[in-house]
Every structure is written in structure tokens, then in C-alpha cells.
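Q: Pasting in a structure now, in C-alpha cells, and then I'll have a few things to ask.
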Ligand SMILES: CC(C)(COP(=O)(O)OP(=O)(O)OC[C@H]1O[C@@H](n2cnc3c(N)ncnc32)[C@H](O)[C@@H]1OP(=O)(O)O)[C@@H](O)C(=O)NCCC(=O)NCCS
């Protein structure tokens, strides 16, 4: 069977994806979202429907079905001191993983960052380090969040996207 054709598009053009993304995020991080109504979480996502400034969220679509997402935003995540600008909120729906969709989301987010004039990007992650490393990001320290130790990744935009950083 051939691989599905995935397109990476702006959430601004696909607001109908918001309830599914909210569902994923709540299921993944129930403590983080505890105490927030679904409407509040969806409103937060709606605030990421920008086209030329951050926060700018992208969605991966298989036909009309949303299968993944990522956001460019002010801060990378939970780190002290805060790292900016940041790439975060990377998620690919179960059953769609290990097909390159996460990588495609990061690549297109990097292209948007370049287009918006950003000269670097930061991300913090416990799970997606190999995706960043394969795209030429450099590991640049650690950030502790709760019981988790997150790796900080940095990408300097003067490098060619997808290059090896040399
Ligand atoms: C982390 C996450 C976003 C990765 O998404 P993904 O779509 O599976 O990512 P990719 O397919 O691009 O890459 C993942 C792995 O699949 C491999 N892969 C990519 N295409 C593949 C293919 N066609 N066949 C087999 N493996 C493939 C990649 O090489 C990579 O392998 P590695 O882990 O050994 O480096 C996803 O697992 C997820 O949403 N997890 C839960 C939330 C999370 O942890 N988010 C990250 C927070 S920063």
C-alpha cells in the first residue's frame, strides 16, 4: 500500500481541526490542562490561527483529516531562562507515527520561521530529539520540568534547512 499524501497547512485555514487537537492535548497532558474548560483550551488554539506572526500553528492533513500539529510561538517551553522564539506543541496522532509526519511538520515550521525573519529557533523535548538532530539542530543543554529532564535544541537559521550544521 502506498504512503498517504500528507499536506502541512496553516491552522488559520483549518479551524475545524481545533476540537481534535484539543482532545489530543488533554489526553496527553491531563494534569497540565486540569481546571481549564474545553472551550478555554480551544480558544487558546484559535489564538494560534495567524498567517504572518507568532503564535502560528500548522496542521498535518491526510485529506481532510488532521493527523498532526506544531506551533511557532514566543517561548520554546518550560525553561529558565525562557528561550525564544520557540517551536513546540509537536504532536502526531497515534496510528500515524513513524511515517515522517513529525519531521515534515518541523521542516515546514522552520521554513515559516525563516520566512518570518527569525534568525534562530529553540525547542525543548524528551521524545523528539532525533527528529531535531536529523534536521541539523544542536543540543544546547537541559531544562528540568517537573520530574522530566528535557533536552534543549537550537537551530540557527543561517544554516541550510535539513543541513548538517557545518
Ligand atoms: C514525537 C512525535 C511528534 C514524532 O512524530 P512522528 O510522525 O512519528 O515522527 P517521524 O515519523 O518524523 O519520526 C519518528 C521516527 O520515525 C522514523 N520514520 C520516519 N519515517 C519512517 C518510515 N516511513 N518508516 C519507518 N520509520 C520512519 C524516523 O526516522 C524517526 O525514527 P527515530 O525515532 O529512530 O529517529 C510523535 O511520536 C508524538 O506525537 N509523540 C507524542 C507527543 C510528543 O512526544 N511530542 C514531542 C514533544 S517535543
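Q: Using a Förster distance of 22 Å, how high is the FRET efficiency between residue 50 and residue 29, based on the Cβ-Cβ distance and rounded to 0.05?
A: Details: r = 23 Å, r/R0 = 1.05.
So, using R0 = 22 Å, E works out to roughly 0.45.
Q: Between segment 12-54 and segment 96-139, what is the C-alpha centre distance in whole Å?
A: 20 Å
Q: Please tell me the relative contact order of segment 6-156 in percent, rounded to the nearest whole number, where contacts are Cα pairs under 8 Å and at least six residues apart. Display every interim value, and only then the final one.
A: On the way: 263 pairs, mean separation 27.7, N = 151.
Relative contact order for segment 6-156 comes out at 18 percent.
Q: Just from its helices, what would the mean residue ellipticity at 222 nm be for the chain, if runs of 4 or more DSSP H residues each count -39500 (n - 2.57) and the sum is divided by every residue, rounded to the nearest 500 deg cm²/dmol? Don't skip to the answer; put the middle values down first.
A: Values: 5 runs with 45 residues, N = 166.
The helix-only estimate for the chain comes to -7500 deg cm²/dmol at 222 nm.
Q: Modelling each spin label as a point 7 Å along the Cα-to-Cβ direction, I'd like the residue 126/residue 148 distance in nm, to one decimal.
A: 0.5 nm
Q: Let me check I have the definition right: for segment 1-152, take the eigenvalues of the Cα gyration tensor, multiply each by 5, take square roots. What are those semi-axes in whole Å, largest first? It would help to have the intermediate numbers written out before the result.
A: Values: eigenvalues 94, 74, 55 Å².
Three semi-axes, in Å: 22, 19, 17.
No lab work stands behind these numbers, since they all come straight from the coordinates. Source: prediction; values computed, not measured. Every residue, glycine among them, receives a Cβ derived from its backbone with ideal geometry; neighbour counts consider all protein chains shown.
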